Amino acid sequence: MGKSKPSLRSNDKEGFIRAFTDEWADLEESYGVTLVFGVKPSDRKGVLRLYVWASEPVDGVLPPPRVEYSCEFPTAAVESFEACLYRCLVRLERIVRDRQHFPMGKA
């Protein structure tokens, strides 16, 4: 949790994959959740929709997602697919953290 996010350049594909896998492991360990990741075509041709869910396992069974984040690739933002994967987890971590601190929503 207290770890700083890596500083990566847009063309550092291997660095983004490493950051993605590190963030995944950190999220699951820090918040006691299981992540599920999915990709499917969006309604727009040539565009993918990426989903990542966080659920809290109960007796080894995953209930419906506690939180979810989705995004599309490619977009007008100049980023690689690997950077998009990492960005999904960074955004999901913020949502999970906010839900933990403000379970009833922000005032």
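Read the figures in this text as sums done on the coordinates, not as results from a lab. Note that the structure is a prediction, hence the values are computed from the model and not measured. All Cβ positions, even for glycine, are placed from backbone atoms using ideal geometry, and neighbour counts span all protein chains on display.
Every test in (1) hydrophobic (A, V, I, L, M, F, W, C); (2) free of Cβ contacts under 8 Å to residues at least 24 places away in the same chain; (3) touching a helix residue (DSSP H, G or I) at 6+ places or on another chain (Cβ under 7 Å) is passed by V58 save one, and that test is (3). For the stretch 47-90, filtering for residues that are closer than 24 Å to L8 by Cα, more than 12 Å from the chain's Cα centre (by Cα) and of a type in the set (A, V, I, L, M, F, W, C) leaves 6.
Just to be sure I understand, how many residues within the stretch 25-61 are surrounded by 14 or more Cβ atoms within 10 Å (Cβ to Cβ) and basic (K, R)? Qualifying residue count, the stretch 25-61: 1.
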